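Okay, so here's the structure we're looking at.
Values quoted throughout were computed directly from the atomic coordinates according to the rules given, and no laboratory measurement underlies them. What you see is a predicted model, and the numbers here were worked out from it, not measured in a lab. Using ideal geometry, Cβ is built from the backbone for each residue, glycine included, and neighbour counts are taken over all protein chains shown.
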Amino acid sequence: MSAMLAVENIVKVYRAHGSEVRAVDGVSFEVEAGTTFGLVGESGSGKSTIARCALRLIEPTSGGSSIDGEPIGRLRGQALRRLRASTGMVFQNPVAALNPRLTIEQSIAEPLRTHTALRGRALAARARELLDEVGLAQAHAERLPHQLSGGQCQRVGIARALATRPKLLVLDEPTSALDVSVQAQVLNLLQDLRREHSLSYLLISHDLDVVRYMSDTAGVMRKGGLVEVGPAAEVLVNPRHEYTKRLLAAMPETPGAVPLHGLRTADGEGARGGPPYAATEKSRIDPSLNENRIPS
Ligand code: ADP
Ligand code: MG
């Protein structure tokens with residue numbers, strides 16, 4: 001297997017008002033093609049900074065990354081735009097990530113306008129196809145973000161990230177802002193999409209349950225450094241590092257975390273990503289809370 005994303009010794013020092021914050025201090029890891037690498041760690045440990053540096057949304061102070069074998073540190077202009085199109089990012093706050101004045105279809109069409117030659121009917125058709133892929137109804141196309149639930153807005157965020165058919169998605173706390181009742185649906189949608197499109201994910205979360213459920217490999221961040229990396233089933237079940245043990249010990253018990261694929265939401269709509277992922281609090285989905293109900 002080869003690395004879809006290789007992060008090599010990234011350091012990021014933020015300088016503001018004469019003071020320095022060493023947010024990331026020499027972090028290296030690889031996301032193998034077709035797998036999910038979960039980065040877990042407490043708030044402020046540098047997870048988002050790594051994600052932004054890895055895709056060059058911000059410039060690392062030193063170190064860098066390669067995507068699908070290509071070092072991205074020196075890319076400029078057209079080559080940098082091509083890199084942007086081959087990756088996608090999903091953010092924590094799905095409502096804030098959308099332009100409130102654009103309809104859902106316009107929001108999804110935006111990255112297509114920027115990165116592809118699609119226009120007119122072909123553009124609309126691709127936007128509608130993406131809507132369908134993320135389990136939203138065609139009726140959502142004409143709505144504005146404020147008319148959708150948080151979970152539905154995050155589905156739009158995922159559609160936007162997928163628009164250019166990227167190989168790598170960076171998911172920064174993709175479910176942290178969502179109601180517990182819809183988190184599992186969005187995680188399952190992400191799992192389905194990863195399999196169908198052979199995607200690679202860098203998943204960032206402060207929630208150990210989420211990382212354990214989603215990841216093949218896990219890395220544990222603390223104060224800008226990676227303290228432990230390995231198969232998720234080992235690192236997050238039988239950690240070697242003291243810090244990971246303490247993180248785990250601080251977590252509420254999650255008995256019998258068994259994926260329950262096959263269930264569908266009450267009205268059959270939004271069947272994609274429908275099944276709850278674990279026999280925990282998160283999976284007890286009340287059909288009346290169905291996030292895919294279109295507000296009338
Ligand atoms: P995490 O995503 O794990 O919560 P972040 O990468 O957002 O962590 O932040 C890591 C550290 O860098 C924190 O101390 C944070 O306050 C600081 N930081 C993040 N962004 C900036 C910025 N733009 N300017 C200055 N400091 C920042
Ligand atoms: Mg963050």
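Restricting to the stretch 170-192, name every residue that is within 16 Å of ligand 2 (Cβ to nearest atom) and either crowded, with 22+ Cβ neighbours inside 10 Å or within 21 Å of ALA124 (Cβ to Cβ) (or both). Explain how you work it out, then say what you get.
We begin by selecting, within the stretch 170-192, every residue within 16 Å of ligand 2 (Cβ to nearest atom); these are 170-178.
Of everything in the stretch 170-192, those that are within 16 Å of ligand 2 (Cβ to nearest atom) and either crowded, with 22+ Cβ neighbours inside 10 Å or within 21 Å of ALA124 (Cβ to Cβ) (or both) turn out to be VAL170, LEU171, PRO174, THR175, LEU178.
Tell me which residues, restricted to the stretch 27-56, are more than 14 Å from ligand 2 (Cβ to nearest atom) and without any contact (Cβ under 8 Å) to a residue 40 or more places away in the chain.
Matches in the stretch 27-56: GLU30, ARG56.
Being surrounded by 14 or more Cβ atoms within 10 Å (Cβ to Cβ), among the hydrophobic types (A, V, I, L, M, F, W, C), more than 11 Å from ligand 1 (Cβ to nearest atom) and within 20 Å of HIS206 (Cβ to Cβ) narrows it down to one residue among VAL40, VAL7; which is it?
VAL7
Please go through the stretch 10-26 and give me each residue that is touching a residue at least 60 places away in the same chain (Cβ under 8 Å) and hydrophobic (A, V, I, L, M, F, W, C), ordered by number.
Result: ALA23, VAL24.
Is there a residue being among the hydroxyl-bearing types (Ser, Thr, Tyr) and either free of Cβ contacts under 8 Å to residues at least 24 places away in the same chain or within 30 Å of MET251 (Cβ to Cβ) (or both) anywhere in the stretch 76-89?
No: the stretch 76-89 contains no residue that is among the hydroxyl-bearing types (Ser, Thr, Tyr) and either free of Cβ contacts under 8 Å to residues at least 24 places away in the same chain or within 30 Å of MET251 (Cβ to Cβ) (or both).
Of the conditions (1) β-branched (Val, Ile, Thr); (2) part of a strand (DSSP E or B); (3) within 16 Å of ligand 2 (Cβ to nearest atom), VAL229 clears all except one; give me its number.
All conditions are met except number (3).
Over 29 Å from HIS241 (Cβ atoms), within 16 Å of ligand 1 (Cβ to nearest atom), basic (Lys, Arg) and surrounded by 16 or more Cβ atoms within 10 Å (Cβ to Cβ), is that true of ARG56?
Spelling it out, ARG56 is indeed over 29 Å from HIS241 (Cβ atoms), within 16 Å of ligand 1 (Cβ to nearest atom), basic (Lys, Arg) and surrounded by 16 or more Cβ atoms within 10 Å (Cβ to Cβ).
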